[in-house]
Amino acid sequence: MHVPEATKSIRKPTNLSLDTDLLKEAKALGINVSRSAEAGIAEAVKLHKQKKWLHDNATALASSNTYIEANGLPLARHRQF
C-alpha cells in the first residue's frame, strides 16, 4: 500500500477553525479530521503548484506548441501508432 509522503513527515499540532456542524458530523461518522484536513491541504498545495508551474512555463509551452504546429513532431516518422 502506498503511503503518502505527508504521513512520513513529522507532525505539528495546529489550531484550525472549522464549521461546528461539519466537525460534529465528521466525528459522528468516525472520520479522522486531522488526516482529512491534511489530505485536503495536500491536494490544495498540489493544485497550486501545478497552476504555478503552468504559469511559469507558459512561454516555453506556447513556443513548443507553435514549433510543432509549424513543423510537426520532430521524430514523427519513428512513431509506430
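The values are calculated or read from the model by the stated rules, or taken from the named source; none is laboratory data. Worth saying up front: this structure is predicted, and the values here are computed from it rather than measured. Methodologically, a virtual Cβ is constructed for each residue, glycine included, from the backbone with ideal geometry; neighbour enumeration extends over all protein chains shown.
Restricting attention to segment 11-52, the residues that are surrounded by 10 or more Cβ atoms within 10 Å (Cβ to Cβ) and among the polar types (S, T, N, Q) add up to 4. Filtered by the rule that a residue be part of a helix (DSSP H, G or I) and surrounded by 10 or more Cβ atoms within 10 Å (Cβ to Cβ), segment 64-81 gives Ser64, Asn65, Thr66, Tyr67, Ile68. For segment 21-54, what are the residues that are among the acidic types (Asp, Glu) and either closer than 27 Å to Ser9 by Cα or touching a Ser or Thr at 6+ places or on another chain (Cβ under 6 Å) (or both)? If the condition is that a residue be among the acidic types (Asp, Glu) and either closer than 27 Å to Ser9 by Cα or touching a Ser or Thr at 6+ places or on another chain (Cβ under 6 Å) (or both), then Glu38, Glu43 are the ones that fit. What do you reckon, is Glu43 in contact with a helix residue (DSSP H, G or I) (Cβ under 7 Å, 6 or more places away or on another chain) and not polar (S, T, N, Q)? It is false that Glu43 is in contact with a helix residue (DSSP H, G or I) (Cβ under 7 Å, 6 or more places away or on another chain) and not polar (S, T, N, Q). Would you mind stating whether Asn57 is without any contact (Cβ under 8 Å) to a residue 60 or more places away in the chain, more than 30 Å from Thr14 (Cα to Cα) and either surrounded by 10 or more Cβ atoms within 10 Å (Cβ to Cβ) or in contact with a Leu (Cβ under 6 Å, 6 or more places away or on another chain) (or both)? In short, yes. In summary, Lys8 fulfils each of the numbered conditions (1) exposed (fewer than 10 other Cβ atoms within 10 Å of the Cβ); (2) basic (Lys, Arg); (3) at pLDDT 95 or above with the single exception of condition (3).
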